[in-house]
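What follows is a short report on a single structure.
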Amino acid sequence: MKNILILNGHPHKKSINFALAEAYYKGAVEAGATVSLIHIGDLIFNPNLAFGYQQRMELEPDLLASLEKIKAADHLVWVHPVWWGGMPALMKGFIDRLFLPGIAFRYRENSVWWDKLFSEKTARIITTLDQPAWYYRLFFGRPSVNQLKKSVLQFCGISPVKITYVGIIKKSTQKQRIKWVNEIHKLGSSLR
């Protein structure tokens with residue numbers, strides 16, 4: 001059975017993202033998967049990669065525990081809002097601090113190529129929008145999805161990476177939000 005890790009990038013517990021992450025979690029547990037859930041906003045860590053890759057920063061206990069969950073997972077589910085075309089800053093800092101050379105990928109000596117150290121994993125991105133998904137793709141080029149899917153996950157070998165768009169959030173009714181939560185619960189139940 002799959003080992004699934006859900007990573008919620010929205011810092012506010014009353015957000016739709018929090019509800020979607022919880023719904024996926026419940027669905028996957030009901031389907032028999034081993035499931036962990038990280039609310040990145042609850043972690044205590046410095047999101048700033050202060051020295052770039054020139055000097056390794058010591059990982060705080062919450063990051064060490066998160067890294068073990070990432071390594072153990074077969075499938076990663078990233079839940080986040082799109083803010084200014086990208087992911088929340090704390091989520092980006094989480095990635096900067098953990099998806100490091102020697103952990104998620106390894107540069108080859110004297111080469112432009114790299115080894116992908118997470119190649120046995122798959123992922124899904126569930127992202128909330130305040131605009132139609134087609135508009136985000138067509139007019140903005142879906143920058144948050146490209147960054148997470150291509151520049152992080154696939155760069156580290158995680159494939160396939162599937163995308164689920166949820167929105168338009170700002171104009172949604174309570175009835176619509178309940179519908180979205182139920183849809184994500186079913187997605188979790190399907191273990192995809």
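Selection within the stretch 68-88: residues that are hydrophobic (A, V, I, L, M, F, W, C) and within 13 Å of the chain's Cα centre (by Cα). The member of this set that is nearest to R142 (Cα to Cα) is V82. Scanning the stretch 137-192 for residues that are part of a strand (DSSP E or B) and open to solvent by less than 50 Å² (accessible area, probe 1.4 Å) yields V161, I163, T164, V166, G167. Filtering the stretch 11-21 to residues that are without any contact (Cβ under 8 Å) to a residue 40 or more places away in the chain and part of a helix (DSSP H, G or I) leaves only F18. A count restricted to the stretch 76-124 and to residues that are touching a strand residue (DSSP E or B) at 6+ places or on another chain (Cβ under 9 Å), open to solvent by 60 Å² or more (accessible area, probe 1.4 Å) and among the aromatic types (F, W, Y) stands at 3. Of the residues examined, L63 is one that is in a helix (DSSP H, G or I) and touching a Phe, Trp or Tyr at 6+ places or on another chain (Cβ under 8 Å).
Residues that are in a helix (DSSP H, G or I) and over 19 Å from I16 (Cα atoms) within the stretch 104-135 comprise W134, Y135, listed in sequence order.
Just one of the numbered conditions (1) out of contact with any His (no Cβ under 8 Å at 6 or more places or on another chain); (2) open to solvent by 20 Å² or more (accessible area, probe 1.4 Å) is not true of L63: (2).
The values are calculated or read from the model by the stated rules, or taken from the named source; none is laboratory data. The structure presented is a predicted model; accordingly, all values stated were derived computationally and were not measured. In this analysis, Cβ positions are derived from the backbone assuming ideal geometry, glycine residues included, and neighbour counts consider all displayed protein chains. With ligands, DNA and RNA removed, areas are computed over all heavy atoms of the protein, side chains included. Shrake-Rupley method; radii C 1.70, N 1.55, O 1.52, S 1.80 Å.
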